[in-house]
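*Asks:* Can you keep this structure in mind? I'll have questions shortly.
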Amino acid sequence: MNYGFVKIAAAVPEVRVASPEWNVERIEALTVQAEGKGAEVIVFPELSLTGYTCQDLFHQQTLLEETERALSKLQEFSHGLDIIIVVGMPVQVKGGLINAAVVMQHGRIEAVVAKTFLPNYKEFYEKRWFISSADITPGTAIWLGGQQIELQRAWVFETSSMTFGIEICEDLWAPVPPSCRLALEGAEVILNLSADNECVGKYRYVKQLVQQQSASTISGYVYVGAGFGESTQDVVFGSKVLVAENGSIIAEGRHNSLEEQLVITEIDIERLRNERRQNTTFATCAAKETAEGTKRVVLHTEPGDFSLTRSICPHPFVPQGAELDERCEEIFSIQTQGLAKRMRHTHAQTAIVGISGGLDSTLALLVTVRTFDLLGLDRKGIIGITMPGFGTTDRTYHNAMDLMKQLGITIREISIKAACEQHFRDISHDIAKHDVTYENSQARERTQILMDVANQTGGLVVGTGDLSELALGWATYNGDHMSMYGVNASVPKTLVKHLVRWVAEHSDDLEAKATLLDIVDTPISPELIPADEKGNITQKTEDLVGPYELHDFTLYYLLRWGFRPAKIKMMAMKAFEGIYDEETITHWLKTFCRRFFRQQFKRSCLPDGPKVGSVSLSPRGDWRMPTDASEDAWLRDLE
């Protein structure tokens, strides 16, 4: 099973200009390697059989005949191989010459794709040697490799696992590249045979272009540029190898390498199909576009044993490096703007936040403080309420108190112990029985206090619950489940920690910074069960419900891409290799599926809150699901 992935190879052979016989040997050698590693398709650079820089030699009959002999050799070589080979060469067409990509498999030429847009640059004046695909009448027949080949304006190739199309170098630079039409015709992967030269800043520009085109066409985009061995008479070629998937680079070659390159990676076709299904704009464009002269070819492939080689990020919600800073600033701003609008609209005089000394309430408080600062309001209008209960530890209590003092807000301490004890007597519950009633009574008592103080002060209760808790239903119904505006509602737990740390690292207040960093290092807990004899937290959330990094991984791929649990498990085993074993991943994946389905009723009546990313569970916009849907099919998929 390949779980919707297709393995594709991008190869840059060393080239000898105008030596097809030598070049085909290098092409064959790289093809053997790719076939051995299970690649379904291998694509080579533009005019790779001859070299791109032959210039007026393209008009020499000797070179053209040598190229056709090299092609015949490659055909013979491919007889016993399953891999689809896409190679560049000049092809004669009724007295003209096209810059073409030749697609072959099992010794047979399946199609010849002509370049459409020919560059008119000083260093590359291709119109001197070639004609465009636009100059060819669809259906024109040529002889190549002992076969009669029909030429078309565009080709779409279908295999058992994907549909792909081809464009050549300059085609990508066109205002409307051929790949746009190919994608609307169903191509999920675009192969680009290129020979783009080097210039200052050009690699970065090409990389952005490839990313953008893969995003706009919702496709996998494989870009293979010519490399070492091309003539450096006036320009240099630096082996640009880029593979993008829906806007993200998933594999990249060694730029400016003097060595041959073979880059093999997997493109997630299932992910692309899911995105296209959800993107109604794509479907509308596909329905309106009519493509003339497009030919479809079915290629028979038998995927072999599958192994995933591309890296899988274990924390899909958390970017790396400088991008993390940018992401944190952006999310923090979205949360702040959302709360600012709600404060002004409701004419709230105060903001009420329950402060536990944990991550979620800390982030909610930081957002509220920034909102008040932006609105020019006195921070004393923020009423932070800490509500010690039976499980509150000294560490979280002191962190809550210290942080409120350091931020200069109004502090209220209201113990819930006496109220809960009275409540237990009222409902005849044994206080020594630490069950769900014991825990949820405390959560609901805290919510009642927050709501009543909001009424008292003309205020608004700021919710603290995060996206991961909502997905798991890890909230007390009508307890911490409820607020008047939930600023963390679409922020996953793995990102909450980074947001709090980001605020700490950008704080000039050394005391506040120290408090925030200690909160980040505190075990996650609802603190509803008494501490041990040493005052340490005994109720650790991740011991009960599972590691949040595993749940956030599942949450991302289940909701954002609609992946089946078996695929998520396979990817998790790759992402968390050496951290969690298969049994652990399977156990918590089942837990997530059960809880996600059974706790939907809590998400059906969520308070308002700002969407910050591509995954959200708001019942009004992002996630509509029956509260009584069955999880059986998802659990069976894991068996």
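The values are calculated or read from the model by the stated rules, or taken from the named source; none is laboratory data. These numbers were taken from a predicted model, which means no experiment stands behind them. Cβ sites come from the backbone with ideal geometry, for glycine too, and all protein chains shown count toward neighbours.
*Asks:* Quick check: is even one residue across the range 414-430 in the same structural domain as Arg560 (by TED's automatic domain parsing), in a loop (DSSP other than H, G, I, E, B), surrounded by 16 or more Cβ atoms within 10 Å (Cβ to Cβ) and among the charged types (D, E, K, R)?
*Replies:* Looking through the range 414-430, none of the residues is in the same structural domain as Arg560 (by TED's automatic domain parsing), in a loop (DSSP other than H, G, I, E, B), surrounded by 16 or more Cβ atoms within 10 Å (Cβ to Cβ) and among the charged types (D, E, K, R).
*Asks:* Okay, next question. Output the residue which, of all residues in the range 7-49 that are more than 35 Å from the chain's Cα centre (by Cα) and of a type in the set (A, V, I, L, M), is surrounded by the fewest Cβ atoms within 10 Å (Cβ to Cβ).
*Replies:* Only one residue fits best here, namely Val17.
*Asks:* Is it the case, given these coordinates, that Thr396 is farther than 23 Å from Ile331 by Cβ, of a type in the set (Ser, Thr, Tyr) and more than 38 Å from the chain's Cα centre (by Cα)?
*Replies:* no
*Asks:* Right, here's the next one. Out of the residues in the range 435-453 that are out of contact with any Pro (no Cβ under 9 Å at 6 or more places or on another chain) and hydrophobic (A, V, I, L, M, F, W, C), which is farthest from Ile385 (Cα to Cα)?
*Replies:* Val436
*Asks:* State all residues of the range 127-148 that are closer than 21 Å to Arg181 by Cβ and of a type outside the set (Ser, Thr, Tyr); if no residue qualifies, say none. Even if it seems obvious, please write down each step before you answer.
*Replies:* First, pick out the residues of the range 127-148 that are closer than 21 Å to Arg181 by Cβ: 130-140.
Correct list: Phe130, Ile131, Ala134, Asp135, Ile136, Pro138, Gly139.
Rundown of residues vs (1) crowded, with 17+ Cβ neighbours inside 10 Å; (2) closer than 24 Å to Asn192 by Cα; (3) touching a helix residue (DSSP H, G or I) at 6+ places or on another chain (Cβ under 8 Å), yes/no style:
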position: Asn246; (1), (2), (3): yes, yes, yes
position: Ile249; (1), (2), (3): no, yes, yes
position: Asn256; (1), (2), (3): no, yes, no
position: Phe282; (1), (2), (3): yes, yes, yes
position: Lys288; (1), (2), (3): no, no, no
position: Val298; (1), (2), (3): no, yes, no
position: Thr309; (1), (2), (3): no, yes, no
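Results for (1) in the same structural domain as Asp628 (by TED's automatic domain parsing); (2) in contact with a Ser or Thr (Cβ under 9 Å, 6 or more places away or on another chain); (3) not basic (Lys, Arg), shown as yes or no for each residue.
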residue	(1), (2), (3)
Lys569	yes, yes, no
Glu577	yes, no, yes
His587	yes, no, yes
Phe592	yes, yes, yes
Phe597	yes, yes, yes
Cys605	yes, no, yes
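*Asks:* Take the range 161-210 and flag every residue that is β-branched (Val, Ile, Thr) and in contact (Cβ under 8 Å) with a residue 12 or more places away in the chain.
*Replies:* Hits for the range 161-210 are Thr163, Ile166, Ile168, Val189, Ile190, Val206, Val210.
*Asks:* Also, quick follow-up: Restricting to the range 454-479, name every residue that is polar (S, T, N, Q), assigned to a loop (DSSP other than H, G, I, E, B) and surrounded by fewer than 24 Cβ atoms within 10 Å (Cβ to Cβ).
*Replies:* Thr476, Asn478
*Asks:* Find the residue count for the range 23-65, including only residues that are in contact with a Lys or Arg (Cβ under 6 Å, 6 or more places away or on another chain) and farther than 27 Å from Val243 by Cα.
*Replies:* 0
*Asks:* Taking the range 485-523 on its own, how many of its residues are over 24 Å from Glu469 (Cα atoms), of a type outside the set (A, V, I, L, M) and free of Cβ contacts under 8 Å to residues at least 40 places away in the same chain?
*Replies:* 5
*Asks:* Those residues that are in contact (Cβ under 8 Å) with a residue 60 or more places away in the chain, part of a loop (DSSP other than H, G, I, E, B) and aromatic (Phe, Trp, Tyr), I need them from the range 561-613; list them, please.
*Replies:* If the condition is that a residue be in contact (Cβ under 8 Å) with a residue 60 or more places away in the chain, part of a loop (DSSP other than H, G, I, E, B) and aromatic (Phe, Trp, Tyr), then Trp561, Phe563, Phe576 are the ones that fit.
*Asks:* Can you tell me which residue in the range 11-25 is nearest to Gly253 (Cα to Cα), limited to those that are in contact (Cβ under 8 Å) with a residue 60 or more places away in the chain and assigned to a loop (DSSP other than H, G, I, E, B)?
*Replies:* Pro13
*Asks:* May I pose another question? In the range 74-96, how many are surrounded by fewer than 18 Cβ atoms within 10 Å (Cβ to Cβ) and either more than 28 Å from Val6 (Cα to Cα) or touching a helix residue (DSSP H, G or I) at 6+ places or on another chain (Cβ under 9 Å) (or both)?
*Replies:* The qualifying residues number 5.
*Asks:* Next up: Can you say whether Arg379 is basic (Lys, Arg) and closer than 24 Å to Glu542 by Cβ, as far as the supplied structure shows?
*Replies:* Spelling it out, it is not the case that Arg379 is basic (Lys, Arg) and closer than 24 Å to Glu542 by Cβ.
*Asks:* Here's another thing I want to ask about it. Out of all the residues in the range 34-44, is one or more without any contact (Cβ under 8 Å) to a residue 40 or more places away in the chain and more than 30 Å from Asp637 (Cα to Cα)?
*Replies:* Yes; the residues of the range 34-44 include at least one that is without any contact (Cβ under 8 Å) to a residue 40 or more places away in the chain and more than 30 Å from Asp637 (Cα to Cα).
*Asks:* Same structure, new question: I want to confirm something. Restricting to the range 58-105 and keeping residues that are closer than 30 Å to Asp305 by Cβ and part of a loop (DSSP other than H, G, I, E, B), which single residue is modelled with the lowest pLDDT?
*Replies:* Taking the candidates together, the pick is Gly80.
*Asks:* If I ask for residues that are under 15 Å from Lys7 (Cβ atoms) and either touching a Ser or Thr at 6+ places or on another chain (Cβ under 9 Å) or assigned by TED's automatic domain parsing to the domain that holds Gly36 (or both), which ones from the range 300-320 would you list?
*Replies:* Correct list: Thr301, Glu302, Pro303, Thr309, Arg310.
*Asks:* Continuing with this model, one more query. Return a yes/no flag: does the range 174-194 have any residue that is crowded, with 17+ Cβ neighbours inside 10 Å, outside the structural domain of Leu558 (by TED's automatic domain parsing) and closer than 19 Å to Glu14 by Cβ.
*Replies:* Yes, the conditions are met somewhere in the range 174-194.
*Asks:* To continue, here is another question. Any chance the range 211-234 includes a residue that's closer than 22 Å to Arg277 by Cβ and touching a residue at least 60 places away in the same chain (Cβ under 8 Å)?
*Replies:* Yes - at least one qualifying residue is present in the range 211-234.
*Asks:* Could you tell me which of the residues Asn120, Asn197, Asn192 is under 33 Å from the mean Cα position of the chain (by Cα) and more than 20 Å from Thr294 (Cβ to Cβ)?
*Replies:* Only one candidate qualifies: Asn197.
*Asks:* Among the listed residues Met451, Met482, identify the single one that is in a helix (DSSP H, G or I) and out of contact with any Lys or Arg (no Cβ under 6 Å at 6 or more places or on another chain).
*Replies:* The conditions single out Met451.
*Asks:* Same structure again: I'd like the full set of residues that are of a type in the set (D, E, K, R) and surrounded by fewer than 18 Cβ atoms within 10 Å (Cβ to Cβ), limited to the range 371-397.
*Replies:* Within the range 371-397, Asp373, Asp378, Arg379, Lys380, Asp394 qualify.
*Asks:* In addition: Give the residue that is nearest to Ala226 (Cα to Cα), with candidates limited to residues of the range 247-282 that are β-branched (Val, Ile, Thr) and at pLDDT below 95.
*Replies:* Thr281
*Asks:* The conditions are (1) touching a residue at least 60 places away in the same chain (Cβ under 8 Å); (2) surrounded by fewer than 22 Cβ atoms within 10 Å (Cβ to Cβ), and Tyr52 fails exactly one of them. Which is it?
*Replies:* (2)
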